[in-house]
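Right, one structure below, let's go through it.
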Amino acid sequence: MVAVLPYLYNHRKRFKSATCSLHLSHTEKSRARAERSNMALPLFGAFALGVAVAIGIREGVNILLNNRRKEGKLEDATQANGVLSLPSPADKPAWQPSKVVMQPRPDWKPGDPQPCPLSGASEFHLVDADTTPASEMYPLVISAAVPRPVAFISTVDELGIVNLAPYSFFNAMGFNPPTVAIGLCHSASRREGKKDTLRNIELTREFVVNIISEWFVEAANHTCGDYPPEVDEMKLAGLNPLPSTKVKPPRVAESAVHLECKLREIHKVHDTSGAVTTSIVIGQVVAFHIAAAVAGRSPSGKLVVDMTRLAPVARCGGITYARCTELYDMARPNKDGQYPQPSTFPAPAPVPARAPTKT
């Protein structure tokens, strides 16, 4: 409305002249016509005011957007023929490299209080896992143990049909030898409760963990449908296979990090009735594939994954996921509880220039 008032003031003469012209039509010879005109006067005035308000609002919106554009908050907006258009999702980059920032409280000293700043932080809901129904435990578990990395697991069956599906009950369990664990929950809708991923791993004892990055997360998500065993989810989602070096299942070309794995063992988890509800697959990584685009070096020169470029996706409960947009380092205390001075922190190593081994 602030933008409307200047417009009304600047065009006040136009509205005044229009009103006067209506009154000039009022003569003794055409009283009936004048009465009709006078009846039309309020309608015309309301119409003129409505037009002025609409134009003023448009002017105000344009002024606001121009100011936001100058502030850098709407720098991608374009305007043609007086119509403002925002960029479509396709015009925006699929991802941005993460930023390295300062840790939350770099001035913290041992013993400094760090209470939760949220209201109600001192009150807790007690949930007895022994008596709470499984249907209520699932949403609680997946929203409490967060964020979780997502294993994009590719397997093959006895006919060579590829199966591809994401699992967020996943993490690395050790490095000597490199070991991963994936929790595969059983489904009542499947034969013996086993999903295709579990059946294929039991059959071939091989699988590949592909790390999901933000640039292909929609395609990865499309593979989690309850598809029949004969469906190749990789082809269905438009993803591309790469041959593995030590196992039969293919790798996902769109992924920047692949872990070829062989089965070590499967641990069965039973509920109180004795039924198997989860199979925990423990696999040994027999080969890593790190794309040169995300490869880096540790301060001591060892090959690592550059987290600022990997853009990994994390599961956060329900259908909510997270992106790694900001990263920060925190030094570890020595045996005396002392921390190194910031000036002694090693500088990040550049990505090696030599060509990687092609896989």
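The values are calculated or read from the model by the stated rules, or taken from the named source; none is laboratory data. Small disclaimer: the values here were computed from a predicted structure and weren't measured. Cβ sites come from the backbone with ideal geometry, for glycine too, and all protein chains shown count toward neighbours. Accessible surface is based on the protein model in full, side chains and every heavy atom, while ligands, DNA and RNA are left aside. Shrake-Rupley method; radii C 1.70, N 1.55, O 1.52, S 1.80 Å.
Looking only at region 253-268, which residues are touching a residue at least 60 places away in the same chain (Cβ under 8 Å) and either open to solvent by 50 Å² or more (accessible area, probe 1.4 Å) or of a type in the set (A, V, I, L, M, F, W, C) (or both)? Answer for region 253-268, where residues must be touching a residue at least 60 places away in the same chain (Cβ under 8 Å) and either open to solvent by 50 Å² or more (accessible area, probe 1.4 Å) or of a type in the set (A, V, I, L, M, F, W, C) (or both): L259, C261, L263, R264, I266. For I319, state whether it is modelled with pLDDT of 95 or more and of a type in the set (A, V, I, L, M, F, W, C). It is false that I319 is modelled with pLDDT of 95 or more and of a type in the set (A, V, I, L, M, F, W, C).
Residue-wise test of (1) open to solvent by 40 Å² or more (accessible area, probe 1.4 Å); (2) closer than 25 Å to A134 by Cβ.
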| residue | (1), (2) |
| --- | --- |
| Y227 | yes, yes |
| L242 | yes, no |
| V247 | no, no |
| R251 | no, no |
| T278 | no, yes |
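Among the residues that make up region 296-315, is at least one of them within 30 Å of R191 (Cβ to Cβ) and either part of a strand (DSSP E or B) or modelled with pLDDT of 95 or more (or both)? Yes, that holds for at least one residue.
The set of residues in region 146-161 being buried (at least 20 other Cβ atoms within 10 Å of the Cβ) and either part of a loop (DSSP other than H, G, I, E, B) or modelled with pLDDT under 95 (or both) consists of V150 alone.
For region 190-215, taking the residues that are free of Cβ contacts under 8 Å to residues at least 40 places away in the same chain and part of a helix (DSSP H, G or I), the one that is most open to solvent (accessible area, probe 1.4 Å) is identified as R191. Return yes or no: is M173 open to solvent by less than 50 Å² (accessible area, probe 1.4 Å) and not in a loop (DSSP other than H, G, I, E, B)? Against the criterion (open to solvent by less than 50 Å² (accessible area, probe 1.4 Å) and not in a loop (DSSP other than H, G, I, E, B)), M173 does not qualify. Only one of the numbered conditions (1) modelled with pLDDT under 95; (2) in contact with a Gly (Cβ under 8 Å, 6 or more places away or on another chain); (3) not charged (D, E, K, R) is violated by A188, and that is (2). Count of region 176-186 residues, restricted to those that are open to solvent by 30 Å² or more (accessible area, probe 1.4 Å) and in contact (Cβ under 8 Å) with a residue 12 or more places away in the chain, is 4.
When H289 is tested against (1) part of a loop (DSSP other than H, G, I, E, B); (2) touching a residue at least 60 places away in the same chain (Cβ under 8 Å); (3) more than 22 Å from K195 (Cα to Cα), only condition (1) is not met.
Exactly one residue out of L236, L203, L198, L259 is in contact with a strand residue (DSSP E or B) (Cβ under 6 Å, 6 or more places away or on another chain) and over 30 Å from T131 (Cβ atoms): that is L259.
Among the residues of region 284-298, the ones that are of a type in the set (A, V, I, L, M) and more than 24 Å from the chain's Cα centre (by Cα) come to 3 in all.
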